[in-house]
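K.L.:
The structure's right below; bear with me while I get my questions together.
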Amino acid sequence: MEKLNQTILDDFVFYLKNVKYKNKIQELILEHCSDEIGDYIYLIRIAVKKSQQKKGYGSAIISDIVQLANKYNVRIKLWISDIFGVNLNVLYEFYKKNGFFLIKNKIDGYMIYIPKKL
């Protein structure tokens, strides 16, 4: 199996933004990273256009990213922040519902998704 790299992530983001969810995604930034455990996807930013919010697109996009992580057997890491005006508890619940775990409980939280073995 091909190993995950930034080109694969860039192509994936392009597909989601320009094909699957055309005119739905405001911003989606994924970065390929690695640490002492192995490779992971760093979810830098996900934003659905205001006119498309509350229609399930955020959950669908996260589901697609989770499926990619499972396919390549890599983790997903992200930081929860309220700098864009979304309540932290709403964000925690959103990501928890999608299989993420809170690692640090500070003002802004670090969350991780552990891939399911396929």
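K.L.:
All but one of (1) of a type in the set (Gly, Ala, Ser); (2) closer than 20 Å to residue 18 by Cβ; (3) in contact (Cβ under 8 Å) with a residue 40 or more places away in the chain hold for residue 63, so report the exception by its number.
P.N.:
The one condition residue 63 does not meet is (3).
K.L.:
Another one. Would you pick out the residues in the range 73-89 that are at pLDDT below 85 and either under 14 Å from the mean Cα position of the chain (by Cα) or surrounded by 11 or more Cβ atoms within 10 Å (Cβ to Cβ) (or both)?
P.N.:
Passing the criteria: 81, 82, 86, 88.
K.L.:
For the subset of the range 31-53 comprising residues that are surrounded by fewer than 17 Cβ atoms within 10 Å (Cβ to Cβ) and among the β-branched types (Val, Ile, Thr), which member is modelled with the lowest pLDDT?
P.N.:
The residue in question is 37.
K.L.:
Against the definition (of a type in the set (D, E, K, R) and on the phi > 0 side of the Ramachandran plot), how does residue 54 come out, yes or no?
P.N.:
Answer is yes for this residue.
K.L.:
Given the condition buried (at least 16 other Cβ atoms within 10 Å of the Cβ) and part of a strand (DSSP E or B), answer yes or no: does some residue in the range 54-71 qualify?
P.N.:
no
K.L.:
Further, regarding this structure: Of the residues 92, 110, 72, 57, which is touching a residue at least 12 places away in the same chain (Cβ under 8 Å) and farther than 22 Å from residue 9 by Cβ?
P.N.:
92
The values are calculated or read from the model by the stated rules, or taken from the named source; none is laboratory data. Just so it is clear, the model here is predicted, and its values are computed rather than measured. Cβ sites come from the backbone with ideal geometry, for glycine too, and all protein chains shown count toward neighbours.
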